[in-house]
Amino acid sequence: MRNLILLLPFLIGCWSCTHHSLDHNCKKVDRLVQELISEKLALGVSYGIMVGDSLIMSESYGLAQLEPVVPLSVESSFRIASVTKSFTATAIM
């Protein structure tokens, strides 16, 4: 979780980047995610980068499930349960 919190400010900074540096920043995000997986700090990570209405990059690394072993893909579904309630409550405040 700590690593996710550290990753979020980096991603927010990428949103404000120019088109020229976009490819460079996408590669930096990709390397960071690969490090999380290689250092076993996350079981699996799936992410997408959008500019406007266009998806410019989407990748998945690691596993969706340990037993049986199921690799993560960009088509994988995530069960987020009630996590969105805290986002909604914060937005209302």
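What follows is calculated from the coordinates using simple rules that are stated; it is not laboratory data. Computed from a prediction, not measured in an experiment: that's the story for all the values here. A quick note on method: Cβ atoms are made from the backbone with ideal geometry, for glycine too, and the neighbour counts reach across all protein chains shown.
Quick notes on this one:
- Paramagnetic label zone (point 7 Å from Cα along Cα-to-C-beta, Ala81; backbone N under 14 Å) in the stretch 40-55: none
- Straight-distance crosslink candidates among aspartates and glutamates, where the alpha carbon sits under 19 Å from Lys28 and sequence neighbours closer than 8 are dropped: Glu39, Glu59
- Packing, as the average of other Cβ atoms within 10 Å across residues, places the peptides 76-82, 51-57 in the order 51-57, 76-82, highest first.
- Most to least packed among 67-75, 22-30 [average Cβ atoms within 10 Å]: 22-30, 67-75
- Proximity of backbone amide H atoms, modeled 1.01 Å from N, is registered between Leu72 and Gly62, Leu63, Ala64 at under 5 Å, excluding neighbours fewer than 5 places apart on the same chain.
- Were the residues from Tyr47 through Ala91 laid out at 0.36 nm apart, the gain over their Cα-Cα distance would be 13.5 nm.
- Sorted largest first, extent of the stretch 17-76 alpha carbons per principal axis (Å): 42, 24, 10
- Computed from label points 7 Å out along Cα-Cβ, the spacing between His24 and Lys40 is 3.5 nm.
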